[in-house]
Every structure is written in C-alpha cells, then in structure tokens.
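Undergrad: Have a look at the structure that comes next, please.
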Amino acid sequence: MKLYYSPGACSLGIHVLLEEIGAPYEAVPTLLKEGAQNRPEFQAINPKGKVPTLTRGDGVVLTEWPAIAYWLANSHPGSQLWPAGLDEQTQALALMDHVCGTIHPQGFSRLFNQARFAPSEADAPKVIEQGRAIAEKGFAVIEKQWAGGDWLLPSGYSVADAALFFVSYWAVKRMNMTLPPKVAAHFARMLARPAVQRALAAEGLGA
C-alpha cells in the first residue's frame with residue numbers, strides 16, 4: 001500500500017489508522033502547500049487532487065477519508081477498528097461524516113484558506129469568525145452526543161476516533177482552540193497511543 005499524504009493534513013488520520021493496523025505501507029509526501037496535488041503525476045493517480053489517497057497492493061486507488069478508513073478497517077479485521085454491531089457501524093459512519101463533511105470543510109477550511117470563501121480580503125475576518133463558529137459547534141455536538149467511555153463508541157476504539165483526532169489536532173495545535181472536556185480528554189488519550197506518536201513523528205509533527 002501507498003499513502004499519499006501532506007504533513008498535518010486530514011491524511012494524518014489515515015496515517016494513524018495504518019500505524020494501528022501494522023500492515024506494510026509506504027508513506028508518500030504530497031505537499032499541498034507546494035501544489036503537488038495538481039501536478040500531472042499525482043493527477044494521474046487521483047484526479048480529485050486530494051489527500052489522503054491510498055493505492056492498494058493490487059493497484060486500486062482509494063479516495064475520500066471515510067471510504068479509505070472503511071476499507072482499511074474491514075480488510076484488516078484483526079485490528080478491530082470497525083465496530084461489529086450495526087448500530088455502532090452506523091454511528092461510526094455518522095461521526096466520520098460529521099468530521100469530514102462539516103467540521104473539516106465548512107469549519108477549518110475557512111480558518112485555513114479564507115480566499116476560497118471571501119469575495120475580497122476585507123471579508124476574511126468574517127470568514128474566520130464563521131469557520132471558528134462552525135468548528136466549535138461541531139465539537140460541541142460531539143461532546144453532547146458522546147456515547148462511549150474513553151473512545152467515541154461504547155464498543156471501543158475505532159476509525160471514528162482517528163477522524164476526531166485530526167480535527168482536534170488542528171484545533172489545539174494550529175488554532176489554539178479550547179476543546180470541550182470529553183473531546184479534550186479524548187485528544188490527550190490519542191496523543192498517548194503509540195500509533196499516533198509514530199504517525200506524528202513520520203510527518204515531522206510535534207505531539
């Protein structure tokens with residue numbers, strides 16, 4: 001397998017899952033700030049121009065965070081990253097969609113790249129305000145609906161935890177945001193996991 005990633009991007013969550021699984025893979029830096037996602041060699045692999053992108057051993061290319069996480073967990077059942085019960089599977093999908101469909105693209109994308117959302121530079125402060133509000137609300141929803149103990153799901157650690165981790169990392173390490181208590185405690189537990197520490201070190205990021 002090959003993981004195409006950009007250090008500190010949402011691909012960090014997939015990097016964590018690969019380390020949790022322990023199967024051989026190659027991490028291929030694809031630096032978004034340098035426009036690597038738009039170069040012909042990467043476009044030939046993923047014309048969406050996005051990370052994470054995962055190429056399987058058979059050459060099949062997987063895209064989109066939830067889809068990659070789903071395949072990794074279910075193709076490596078020994079990792080126990082995918083819940084067994086239908087209700088918790090549904091909840092895992094809902095949590096991943098909330099992170100990858102709302103907190104990330106609607107919240108943090110506004111915080112990281114105002115030009116995509118603002119008609120002019122004068123509108124940038126409003127875009128930042130909107131982004132922070134969306135991200136904070138997103139975390140508050142997770143806090144209010146917390147169904148597990150140490151991890152998001154009652155059955156234990158899953159792909160959903162890796163999804164929450166990458167946006168929590170952005171909140172704390174990049175935006176100096178204060179997370180709600182349960183989400184903050186979850187972030188601390190994630191930082192203590194060896195797989196997370198390995199993924200952070202591989203991407204040159206501090207814990």
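Undergrad: What is the dipole size for segment 1-76, taken about its Cα centre, with +1 at each Lys and Arg Cβ and -1 at each Asp and Glu Cβ, in debye to the nearest 20?
TA: 220
Undergrad: If you don't mind, another one. Between V60 and K48, how many nm apart are label points set 7 Å from Cα along the C-beta direction?
TA: Simple spin-label model gives 1.5 nm for this pair.
Undergrad: Going through segment 110-151, which trypsin sites (Lys or Arg not before Pro) have at most 11 other Cβ atoms within 10 Å and a DSSP loop state?
TA: none
Undergrad: Go through segment 1-71 and name the trypsin sites (Lys or Arg not before Pro) that are in a DSSP coil and have 15 or fewer other Cβ atoms within 10 Å of their Cβ.
TA: Listed in order of number, the matching sites are K48, R56.
Undergrad: Take the chain, connect every pair of alpha-carbon atoms lying under 10 Å apart with a spring to form a Gaussian network, then pick out the residue of S75, S120, S11 with the largest mean-square fluctuation.
TA: S120
Undergrad: Say the dipole of segment 53-176 comes from +1 at the beta carbon of Lys and Arg and -1 at that of Asp and Glu; which of L164, I128, G138 then lies farthest toward its positive end?
TA: About the Cα centre, the residue reaching furthest to the positive side is I128.
Undergrad: Right, another one. In whole angstrom, note down how far apart the Cα centers of segment 14-41 and segment 152-207 are.
TA: Rounded to whole Å, the Cα centres lie 18 Å apart.
Undergrad: Given H placed on each backbone N at 1.01 Å, which residues far from V28 in sequence or on other chains put an amide H within less than 5 Å of it?
TA: L3, Y4, Y5
Undergrad: Once the Cα gyration tensor of the chain is found, what semi-axes does its equivalent ellipsoid get, as square roots of 5 times the eigenvalues, in whole Å, sorted largest first?
TA: With the √(5λ) rule applied to the chain, the semi-axes are 25, 23, 15 Å.
Undergrad: Any idea how far apart E121 and A147 come out in nm if each label point goes 7 Å out from Cα toward Cβ?
TA: Using points 7 Å along Cα→Cβ, the separation is 4.8 nm.
Undergrad: Report relative contact order for the chain in percent, whole number only (criteria: Cα-Cα under 8 Å, sequence separation at least 6).
TA: Once normalised by length, the contact order is 22 percent.
Undergrad: Put a dot 7 Å past each Cα toward the Cβ at N74 and E34; how far apart are the dots in nm?
TA: 3.6
Undergrad: Hey, can you list the DSSP H helices of the chain whose Cα span along the axis is 27 Å or longer and whose average Kyte-Doolittle score is at least -0.5?
TA: 124-144
Undergrad: Let me ask something else about it. In square angstrom, rounded to the nearest 10, how much accessible surface does H98 have for a 1.4 Å probe?
TA: Approximately 40 Å² of H98 is accessible to the 1.4 Å probe.
Undergrad: What is the antiparallel percent of DSSP beta bridges lying wholly in the chain, to the nearest 5?
TA: Taking every DSSP beta bridge with both residues in the chain, the antiparallel ones total about 65 percent.
Undergrad: Efficiency by 1/(1 + (r/R0)^6): what FRET value for D87 and F112, r their Cβ-Cβ distance, R0 = 35 Å, to the nearest 0.05?
TA: 0.55
Undergrad: Going Cα to Cα from K2, which aspartates and glutamates come in below 13 Å? Please leave out same-chain ones fewer than 8 positions away.
TA: In chain and number order, the partners are E19, E26, D58.
The values are calculated or read from the model by the stated rules, or taken from the named source; none is laboratory data. Here the structure is a predicted model, which is why all the values come from computation and not from measurement. Ideal geometry is used to build each Cβ from the backbone, glycine not excepted, and the neighbour counts take in all protein chains shown. When the accessible area is computed, the model is the full protein with side chains, heavy atoms only, and any ligands, DNA or RNA have been set aside. Shrake-Rupley method; radii C 1.70, N 1.55, O 1.52, S 1.80 Å.
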